[in-house]
Amino acid sequence: MSRQANGFLFELDQGGWMLINPVAPHTYRIRLNDTGLFPEPALVRYGVVGQPRDRVPYSTERDGNTISVHTEAAKLCVESTDGQFRWNDSDGNACVCTTEAPWSSASAGFGMRLALLEEEAIYGLGDVAPDRIDRRGQKADMWVAGTNFHSPVPFLMSSRGWAVLMNTSWKHSIDIGKESKDRILISGPEGELDFYLICGNGYEQLMNRYTDIAGKPRLLPMWAYGLHYFCSVESGGRQIVEDALKFRQEGIPCDLIGLSDGWTAAVPDGSGSGPGDTRRLVISSDPGSESSAFIDTLHRHGFKLSLLLSCDHDVTALEGRPADLPSSSSGGETEKAWFDQLLAFIDDGVDAFKVPSQNQTIPHPDRRYANGMSDNELHNLYPILLGKQMYEGYRAKTGKRPMIHAVVGYTGMQQFTATECGKYGLRSTAVISALNSGLSGHVHTAIHMHVDEPEGIHAGFLLPWAQNNSGRHFRHPCFLEEKQRGLFRLYARLRYRLLPYLYSTAHTASLTGMPIARAMPLAFPDDPNCRRLSSQYMLGAELLVAVFTNLVYLPKGVWIDYWTGDRFEGPAAIDYKVPEHAGGPLFVRAGAIIPMRPDMDFIGQTSAERIVLHVYPHGFNETVLREDDGVSFEYEDGRVSTTRIRCEAVGDRIEIRIWRRGGTYVGMPQHRGYEVIVHTDEKPAAVHLGGERSLEQTPSSARRNPLTGWKFDRTAGTLRLFAEEAPNDGEPLRIEIGYRSPEPEQSNVQKQDSAESLPLSGRGTDETRDDSVQWLHIALDTCVLAEVEAALTSWWNGKMNVSGSPSDHWRTHLLDGCLLLIRHAERRGWSFDDGFGSDIANPLSHADIRAPEQGFSLLLQLAGEVISAAKRTVESVRHPIIRETVALVQRELHKKLSLQEAADRGGIHPVYLSRLFKKEIGLPFSDYVLQQRMQRAKALLESGMKVYEAAAASGFQDASHFSRVYSHYWGQAPIHFRNKKE
């Protein structure tokens, strides 16, 4: 026995040498061969697998034939006769042991058999078939080969607190209880036995310690967490730009446009793709056009560009040569680094690269690489070296984080590439592959999104990164049917709003190895019902996603349906009915604090000055928001901003604390504001912000300053308020919400404060009533159901509070509300008699309406019919472009509208739009806009709105100009209409 720099070496009695190296207190490296010489294998030599440089204190002792190696966290007992071993944790608990002697020789290859207990769960193996997350009963070849073995990772993790990583690139297989249900067999025909044994208290700790060896996941550029769209192979430069602009015109956020097969030329020597056909990259037919103009056009509209490049080059020839160092002029073709031919594209502004599986999954049995390796040894390593060279080359060239999109991979790929799982025809199995990748240390996985089905959109957007790999021009999401296109837009906007949450989770992954999409046993290791669940997962710590299924298991705790707000108590298995406006089940863990961003078209469009915090109060919870510049590698040096956020809900009180940001990074916004949305079914009695009482908003105060006060939306079940970052590092910003009814004195103060908050002192009941009526008219014109429900709720509550006892007057209020909604529709020519008919003819005759709540429900139903009637008016237009233009006018009538802007949004020439609009509508575009403005202004004035308020709501900035136009149009001054009674 002897101690060496690289561990503890001894010879076995039956032949062979064993080298044991405690690389960490909880991690041992074990090697076996028949020579006693242990050169480093390829994964270590090329910097893929690493280990701490500091030596770990350990001790050895011998008791007969048993040699024990101790650290403070683990103990390995090895039989000196044949090399069998037992692996125990620091408490002496057995983790794993061999069942017979391991072997390793030049003639017999290598292998070992480990004991597998009856109730032991095993996870890992990467993206390989069969498609289950619990690997018991499976056998998989560790060999990159086609769809079913895209990214094998020879890593296993046990429910008993141990894990093993095979440190080899040679082809081998792992049998987990298939040949024998109580054995794990790991064996290969070539190579030496070399592996890491790891112990830990649970899966999370095992993942952290394993990725300390195999490499922590590195952050993608922030924009890469948005949507990636890969264009049709037939598309030319002009069509690609038009496809990109369709996303902006439809209001669908997207960050990357990728070019697929067909734009590159084949390399004569068969080493992959050659220089691109630049004719594909120009927008016009002008011979002087250049590809850089094409790329600049995409960049101006907020898009990044990705190129697909296949490679079969010998990447070992100059492995490790810096990307900015020229190739040797004296050498042959094999000395040129394949990355060299990408430099010109990077100079032109290309932002990302995709490497398909072509050539990488095909065996090359007769090939001998420049470093002397055979294909059997390099085949698995090839995609890792290729990804590593592209990653480090791009980093050296630009100083920015690369987005290298690979299709295949192996151990350590999480350091260099993002991958996709499955092919387009696969659905749920692709998601399972993504979860298995996460259970094997690789966190940045996506699937091929099935855009023609709601479930496919749901699954595709709720993963670590999202791609729409269309393959054909008419699979662009903007060519979907209206309902499906709307669903795609909804999920895309949801994903972009979730960016702070997803990016913070990615930061956690880079620190701990804990994946973004977390398989249920990883998130709930103590729940046996989660052990085999593969149709659902946790997206981060707070969101539960189920895919391609209606059967959902909710672990212990309270869970909130994201789409409906319904609450469920776990543990429970439910048969979930997906709402019409959604694509699948999505639940929020009660107590969650989810940071979001306002809507955006692409990442980086706006600064992160304001964060939207969705808080779901339940007990105690705390989260940390992590931010950086999103582009550089300075996060590796600690240039990261962290924000602690805590919520505690006890009894009738909720307290939210938001600490000042700690740490800095280049470009960090100096100012930080928060829009806090608290999900609560009950209206609070009092809200305090920073120790000061905050007033409830009225429609008037909201128009004057929407960032002051708080607003409760009974329909949505949310309390909304705005707050600014704490002024110093010591004390956090405090938001206190109380539900206990205030004392009479406090109630009087609240009413007095509310009255003083109105624009004119002495404002009375009628004025308040008219204010809510005006708000309702504006909301109805937007045709946004949530806004209408909020306005109608405010109007109804105001009527009930003013009148005293609800039981005496609510039927009168119901009649007032019905007349208000009917007259609003009539003034705009929206007939809804066919839809609602006699059911609303006399609301007081409804025998089943016996309570105020039922009356209010009837008003909500009628409001929905008003919105439907407005939409039918738009839908009656036959031509889709004009239908979209009319909808634009109705939606943005309060803004500045022009024919040119409408044409830009529709992607057509303004002259053509003008002719088509007049043919379909019967009026020129400008006359139609004026007509709609005047009709809205008239209705608002008759409801009691002031002239300057009606002018602003109808799209006029100057009240005097509005009065002149109005008088000319209607023949009377606006004041005449305002004086009319409602």
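Observations
- Number of the exception - residue 131 against (1) more than 28 Å from residue 540 (Cα to Cα); (2) of a type in the set (Asp, Glu); (3) surrounded by 18 or more Cβ atoms within 10 Å (Cβ to Cβ): (1)
Okay, residues lined up against (1) basic (Lys, Arg); (2) closer than 19 Å to residue 720 by Cβ; (3) assigned by TED's automatic domain parsing to the domain that holds residue 712:
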position: 644; (1), (2), (3): yes, no, yes
position: 652; (1), (2), (3): no, no, yes
position: 672; (1), (2), (3): yes, yes, yes
position: 676; (1), (2), (3): no, yes, yes
position: 682; (1), (2), (3): no, yes, yes
position: 685; (1), (2), (3): no, yes, yes
position: 696; (1), (2), (3): no, yes, yes
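- Here residue 670 clears all of (1) at pLDDT 90 or above; (2) farther than 30 Å from residue 639 by Cα; (3) surrounded by fewer than 17 Cβ atoms within 10 Å (Cβ to Cβ) except the condition numbered (2).
- Total residues in segment 666-692 satisfying the condition of being touching a helix residue (DSSP H, G or I) at 6+ places or on another chain (Cβ under 8 Å) and either farther than 26 Å from residue 773 by Cα or in a loop (DSSP other than H, G, I, E, B) (or both): the figure is 1.
- Checking each residue in segment 87-128 for being touching a helix residue (DSSP H, G or I) at 6+ places or on another chain (Cβ under 8 Å) and either small (Gly, Ala, Ser) or within 15 Å of residue 173 (Cβ to Cβ) (or both) picks out 121, 124, 125, 126, 128.
- The residues listed here are 583, 591; of these, the one that is out of contact with any Gly (no Cβ under 6 Å at 6 or more places or on another chain), crowded, with 21+ Cβ neighbours inside 10 Å and part of a loop (DSSP other than H, G, I, E, B) is 583.
- Residue in segment 83-95 that is buried (at least 18 other Cβ atoms within 10 Å of the Cβ), acidic (Asp, Glu), out of contact with any Gly (no Cβ under 8 Å at 6 or more places or on another chain) and free of Cβ contacts under 8 Å to residues at least 60 places away in the same chain present: no
- Of the helices (runs of 4 or more DSSP H) contained entirely in segment 905-971, those carrying at least 3 residues that are in contact (Cβ under 8 Å) with a residue 24 or more places away in the chain and aliphatic (A, V, I, L, M) fall at 910-921, 925-942, 947-953.
- Residue in segment 673-721 that is surrounded by the most Cβ atoms within 10 Å (Cβ to Cβ), counting only those that are among the aliphatic types (A, V, I, L, M) and in contact with a Gly (Cβ under 9 Å, 6 or more places away or on another chain): 721
- Test for residue 524: is it at pLDDT below 95 and over 23 Å from residue 219 (Cβ atoms): no
- The number of residues in segment 791-818 that are aliphatic (A, V, I, L, M), more than 16 Å from residue 849 (Cβ to Cβ) and modelled with pLDDT under 80 comes to 1.
- Answer residue from segment 190-206, given it is out of contact with any helix residue (DSSP H, G or I) (no Cβ under 7 Å at 6 or more places or on another chain) and of a type in the set (A, V, I, L, M) and is nearest to residue 475 (Cα to Cα) among those: 206
- Of all the numbered requirements in (1) at negative phi; (2) surrounded by 19 or more Cβ atoms within 10 Å (Cβ to Cβ), residue 16 misses one, and that requirement is (1).
- Residues that are of a type in the set (Lys, Arg), more than 14 Å from residue 506 (Cβ to Cβ) and not in a loop (DSSP other than H, G, I, E, B), drawn from segment 623-651: 644, 646
- The sole residue among 890, 931 that is modelled with pLDDT of 75 or more, within 30 Å of residue 715 (Cα to Cα) and of a type outside the set (Phe, Trp, Tyr) is 890.
Let's see how each residue does on (1) over 28 Å from the mean Cα position of the chain (by Cα); (2) surrounded by 23 or more Cβ atoms within 10 Å (Cβ to Cβ); (3) in a loop (DSSP other than H, G, I, E, B):
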residue	(1), (2), (3)
135	no, yes, yes
141	yes, no, no
165	yes, yes, no
170	yes, yes, yes
198	yes, yes, no
216	no, no, yes
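- Selection count where residues are free of Cβ contacts under 8 Å to residues at least 24 places away in the same chain and either outside any loop (DSSP other than H, G, I, E, B) or loosely packed, with under 15 Cβ neighbours inside 10 Å (or both), scope segment 364-373: 5
- Any hit, segment 358-369, residues being among the hydroxyl-bearing types (Ser, Thr, Tyr) and at pLDDT below 90: yes
- The set of residues from segment 218-249 being closer than 21 Å to residue 638 by Cα and not in a helix (DSSP H, G or I) comprises 218, 219, 220, 221.
- Test for residue 657: is it modelled with pLDDT of 95 or more, basic (Lys, Arg) and within 25 Å of residue 734 (Cα to Cα): yes
- Enumeration of residues in segment 491-542 that are free of Cβ contacts under 8 Å to residues at least 24 places away in the same chain and part of a strand (DSSP E or B): 538
Yes/no per residue for (1) at pLDDT 95 or above; (2) closer than 30 Å to residue 503 by Cα; (3) under 23 Å from the mean Cα position of the chain (by Cα); (4) buried (at least 22 other Cβ atoms within 10 Å of the Cβ):
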{"site": "175", "(1), (2), (3), (4)": "yes, no, no, no"}
{"site": "187", "(1), (2), (3), (4)": "yes, no, no, no"}
{"site": "204", "(1), (2), (3), (4)": "yes, yes, yes, no"}
{"site": "208", "(1), (2), (3), (4)": "yes, yes, yes, no"}
{"site": "224", "(1), (2), (3), (4)": "yes, yes, yes, yes"}
{"site": "240", "(1), (2), (3), (4)": "no, yes, no, yes"}
{"site": "260", "(1), (2), (3), (4)": "no, yes, no, no"}
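The values are calculated or read from the model by the stated rules, or taken from the named source; none is laboratory data. Just so it is clear, the model here is predicted, and its values are computed rather than measured. For neighbour counting, all protein chains shown are included, and Cβ atoms are generated from backbone atoms with ideal geometry for every residue, glycine included.
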